[in-house]
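Data first, discussion second: the structure below is written as structure tokens.
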Amino acid sequence: MSCGVAVFRFDPSAVDEIKAGGNRHSLEQIQTISTVPEGFPSMYNTCGRICVDPTGRFVLVSNRGHDSITVFRILHKEGGILTRVGWCHTRGTTPRHFAFDDSGRYLIAANQDSNSISVFQFNPSNGLLEHTGNDYVVPSPNFICVKSPHT
């Protein structure tokens with residue numbers, strides 16, 4: 001994956017034509033937006049994970065190299081294009097994976113090359129991430145799975 005997020009428009013009416021043997025395209029690329037700040041050498045970065053937050057209003061992407069998570073707001077009224085909210089340093093190196101807790105208020109990032117997991121509070125109103133001060137030593141974490149205990 002490069003340092004960009006591509007946004008596509010899906011044409012569901014094309015599916016039937018494709019099934020019938022037509023060559024109509026069902027996807028049209030409408031945007032590409034960088035995940036790293038302008039001036040950061042993209043050759044030193046790859047993206048690790050991309051997801052939509054639980055509210056469906058933000059897209060988050062981890063940057064291995066820039067060591068950050070980029071947050072984009074989804075502009076639903078403008079066809080789903082993205083606008084950058086900002087970047088948050090993951091407090092480690094090579095953020096391979098991240099996940100939200102069940103409440104959607106916390107994001108946990110796995111920093112593979114610094115042997116750490118960091119916890120951030122997520123603001124669902126504006127998409128901002130804030131480090132909680134909670135960091136944990138974990139050997140080479142590469143996946144986060146959040147599971148609440150049964151009550």
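Observations, loosely collected:
- Residue among P12, P37 that is surrounded by fewer than 16 Cβ atoms within 10 Å (Cβ to Cβ) and either among the aromatic types (F, W, Y) or within 27 Å of F100 (Cβ to Cβ) (or both): P37
- Residue check for I74: within 21 Å of C3 (Cα to Cα) and at pLDDT 95 or above: yes
- The set of residues from the stretch 89-115 being outside any loop (DSSP other than H, G, I, E, B), under 13 Å from G65 (Cα atoms) and open to solvent by 20 Å² or more (accessible area, probe 1.4 Å) comprises H89, R96, Q112, D113, S114.
- Total residues in the stretch 54-84, condition in contact with a Pro (Cβ under 9 Å, 6 or more places away or on another chain), in a loop (DSSP other than H, G, I, E, B) and open to solvent by less than 30 Å² (accessible area, probe 1.4 Å): 1
- Residue check, G48 not hydrophobic (A, V, I, L, M, F, W, C) and not in a strand (DSSP E or B): no
- In the condition set (1) at pLDDT 95 or above; (2) open to solvent by less than 70 Å² (accessible area, probe 1.4 Å); (3) of a type outside the set (K, R), G48 is compliant with all but (1).
- Complete set of residues in the stretch 116-145 that are hydrophobic (A, V, I, L, M, F, W, C) and open to solvent by 50 Å² or more (accessible area, probe 1.4 Å): L128, V137, F143, C145
- The set of residues in the stretch 1-22 being closer than 30 Å to R84 by Cβ and part of a loop (DSSP other than H, G, I, E, B) consists of M1, S2, C3, D11, P12.
- For A20, the conditions (1) without any contact (Cβ under 8 Å) to a residue 60 or more places away in the chain; (2) surrounded by fewer than 20 Cβ atoms within 10 Å (Cβ to Cβ); (3) among the aliphatic types (A, V, I, L, M); (4) under 29 Å from V146 (Cα atoms) are fulfilled apart from (4).
- K147 satisfies every condition listed in (1) in contact (Cβ under 8 Å) with a residue 12 or more places away in the chain; (2) assigned to a loop (DSSP other than H, G, I, E, B) except (1).
- Pick from the stretch 23-34, criterion open to solvent by less than 70 Å² (accessible area, probe 1.4 Å) and not hydrophobic (A, V, I, L, M, F, W, C), ranking: farthest from R84 (Cα to Cα): S26
- Scan of the stretch 19-50 for residues that are closer than 22 Å to G79 by Cβ and out of contact with any strand residue (DSSP E or B) (no Cβ under 8 Å at 6 or more places or on another chain), ordered by number: R24, H25
The values are calculated or read from the model by the stated rules, or taken from the named source; none is laboratory data. The model shown is predicted, which means the values in this text are computed figures rather than measured ones. Don't worry about glycine lacking a Cβ; one is built from the backbone with ideal geometry, like all the others, and counts go over all protein chains shown. The area values use the complete protein model at the heavy-atom level, side chains included, leaving out ligands, DNA and RNA. Shrake-Rupley method; radii C 1.70, N 1.55, O 1.52, S 1.80 Å.
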